[in-house]
């Protein structure tokens with residue numbers, strides 16, 4: 001009995017190890033990974049154009065109608081993005097639809113915001129300590145504070161980074177204002193840009209336990225806090241703050257259902273983006289703004305989707321591009337035949353280890369059938385199949401993983 005347990009324990013451990021190591025090794029040798037396509041809306045062609053990687057530093061430059069370009073022609077179709085190329089050619093200002101755009105107008109009208117799924121709230125480890133910059137109108141460079149803050153069950157606590165002790169006066173000052181405004185502790189979402197490399201500071205947007213969103217700033221060490229009119233019923237997953245000199249919006253609210261809402265400077269009025277194909281748990285998101293149009297691009301494993309909007313954020317054109325896979329069909333089928341499942345520790349949409357079991361496609365079933373045939377053909381004739389039921393079911397559920405394991409750990413005749 002001990003030998004029986006030892007053998008099958010060894011077999012199971014071998015299967016677990018192979019289900020992680022073999023697919024990783026296979027991918028290193030045979031599978032080629034490429035970046036996501038870059039998708040833009042051309043203000044000249046009035047349609048989407050994209051740059052698609054073919055692997056090996058080779059690229060396709062095409063539009064949604066199928067026309068192809070070289071790199072120089074492609075960049076010329078995006079004058080707001082590659083305006084510095086035009087400047088070197090003395091081709092500025094740009095004339096589009098009867099309007100003239102100088103270098104200054106282009107720079108003022110541009111804004112970009114990229115959001116990776118793995119960077120969203122609860123998608124990566126986060127130390128709940130944040131720097132709240134003290135705004136000083138007389139200082140050009142934003143100084144980094146000597147303290148950080150956190151939200152406890154009863155207060156907004158400031159901790160001195162040098163002494164590692166709570167700054168009681170500062171804590172009481174901010175907590176008192178929050179209590180006066182009706183803040184319900186603890187905080188559930190905290191959104192802000194924790195770097196001083198920005199043109200100015202807009203502090204943090206914080207959602208309390210009742211769903212109310214508060215805008216918290218620090219001016220000359222004094223609290224400046226606003227209870228915003230943002231709907232508390234919004235199921236907010238994260239708030240991304242993006243300070244930009246355009247000062248059109250503070251940032252963007254992302255809901256768990258995939259809703260995207262810009263927080264405007266107009267009394268925190270929300271501007272809902274008309275995007276239907278965004279899932280925060282498994283998609284990355286990019287917002288591109290130029291003097292004429294706004295484009296939202298969401299990318300996932302197999303497709304990239306884009307929505308073009310006018311300056312009032314009204315959608316007028318959409319496009320979906322299937323991502324090019326440079327790995328041959330033969331390699332993909334072979335992978336499924338050999339590996340019916342895989343133990344994974346990484347996830348492109350999480351910023352931390354994410355243990356999960358990933359199953360193969362339809363061809364994995366044929367791989368298991370092939371492994372069973374090999375198992376039956378190589379089984380020793382002197383042992384009836386009824387005695388080898390354990391091995392049979394191992395191969396049935398694990399395919400070639402189980403076949404290799406039981407072949408290396410042969411059973412003792414005394415079993």
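Quick one: in the range 117-172, of everything that is under 30 Å from residue 258 (Cβ atoms) and without any contact (Cβ under 8 Å) to a residue 12 or more places away in the chain, which residue is farthest from the chain's Cα centre (by Cα)?
127
Looking at the range 53-135, what helices (runs of 4 or more DSSP H) fall wholly within it and have at least 2 residues that are under 30 Å from residue 325 (Cα atoms)? I'd like the intermediate steps shown before the answer.
On the way: elements: 71-76, 83-88, 103-108.
Of the helices (runs of 4 or more DSSP H) lying wholly inside the range 53-135, those with at least 2 residues that are under 30 Å from residue 325 (Cα atoms) span 71-76.
Just for the range 32-44: of the residues that are modelled with pLDDT under 95, in a loop (DSSP other than H, G, I, E, B) and touching a strand residue (DSSP E or B) at 6+ places or on another chain (Cβ under 6 Å), which one is nearest to residue 81 (Cα to Cα)?
37
Take residue 131 and tell me if it is in contact with a strand residue (DSSP E or B) (Cβ under 9 Å, 6 or more places away or on another chain), crowded, with 16+ Cβ neighbours inside 10 Å, at pLDDT 95 or above and not assigned by TED's automatic domain parsing to the domain that holds residue 170. Quick ask: steps written out before the conclusion?
Values: in contact with a strand residue (DSSP E or B) (Cβ under 9 Å, 6 or more places away or on another chain): yes; crowded, with 16+ Cβ neighbours inside 10 Å: yes; at pLDDT 95 or above: yes; not assigned by TED's automatic domain parsing to the domain that holds residue 170: no.
In short, no.
Which strands (runs of 3 or more DSSP E) sit wholly inside the range 286-331 and have at least 3 residues that are farther than 17 Å from residue 260 by Cβ? Walk me through it before giving the result.
Values: elements: 294-299, 303-309, 315-322.
Here the list reads 315-322.
How many residues, within the range 72-93, are in contact with a strand residue (DSSP E or B) (Cβ under 6 Å, 6 or more places away or on another chain) and more than 13 Å from residue 290 (Cα to Cα)?
Pass one, the range 72-93, residues in contact with a strand residue (DSSP E or B) (Cβ under 6 Å, 6 or more places away or on another chain): 74, 77-79, 93.
Filter again for more than 13 Å from residue 290 (Cα to Cα), leaving 74, 77, 93.
So the count comes out to 3.
Among the candidates 273, 277, 292, which residue alone is at pLDDT below 95 and either buried (at least 16 other Cβ atoms within 10 Å of the Cβ) or over 25 Å from residue 59 (Cα atoms) (or both)?
Working: 273 fails: at pLDDT below 95; 292 fails: at pLDDT below 95.
Only one candidate qualifies: 277.
How about the range 136-155: which of its residues are part of a loop (DSSP other than H, G, I, E, B) and closer than 14 Å to residue 189 by Cα? Quick ask: steps written out before the conclusion?
In the first step, residues of the range 136-155 are kept if they are part of a loop (DSSP other than H, G, I, E, B); the result is 136-146, 152-155.
Hits for the range 136-155 are 152, 153.
Tell me whether the range 259-267 contains one or more residues that are under 16 Å from residue 238 (Cβ atoms), in contact with a strand residue (DSSP E or B) (Cβ under 9 Å, 6 or more places away or on another chain) and not in a strand (DSSP E or B). Spell out the reasoning first.
Filtering the range 259-267 down to residues under 16 Å from residue 238 (Cβ atoms) leaves 259-263.
Applying the additional criterion that residues be in contact with a strand residue (DSSP E or B) (Cβ under 9 Å, 6 or more places away or on another chain) yields 259-263.
Narrowing further to those that are not in a strand (DSSP E or B): 259.
Yes, the range 259-267 contains at least one residue that is under 16 Å from residue 238 (Cβ atoms), in contact with a strand residue (DSSP E or B) (Cβ under 9 Å, 6 or more places away or on another chain) and not in a strand (DSSP E or B).
Quick one: how many residues across the range 355-378 are farther than 21 Å from residue 337 by Cβ and either in contact with a strand residue (DSSP E or B) (Cβ under 6 Å, 6 or more places away or on another chain) or at pLDDT below 85 (or both)? Lay out the reasoning, then the answer.
Residues of the range 355-378 that are farther than 21 Å from residue 337 by Cβ, as a first pass: 355-356.
Remaining after also requiring either in contact with a strand residue (DSSP E or B) (Cβ under 6 Å, 6 or more places away or on another chain) or at pLDDT below 85 (or both): 356.
The number of residues fulfilling the criteria is 1.
Pairs under 9 Å by beta carbon, first residue at negative phi in the range 19-39, partner exposed (fewer than 11 other Cβ atoms within 10 Å of the Cβ) and assigned to a loop (DSSP other than H, G, I, E, B), six or more apart or different chains?
That search, which allows pairs on different chains as well, returns 27/33; 32/56.
Has the range 9-24 got any residue that is in a helix (DSSP H, G or I) and within 24 Å of residue 318 (Cα to Cα)?
Residues of the range 9-24 that are in a helix (DSSP H, G or I), as a first pass: 9-24.
Subsequent filtering for residues that are within 24 Å of residue 318 (Cα to Cα) retains none.
No, every residue in the range 9-24 fails to be in a helix (DSSP H, G or I) and within 24 Å of residue 318 (Cα to Cα).
The values are calculated or read from the model by the stated rules, or taken from the named source; none is laboratory data. Source: prediction; values computed, not measured. Virtual Cβ from ideal backbone geometry, glycine too; neighbours counted across all protein chains shown.
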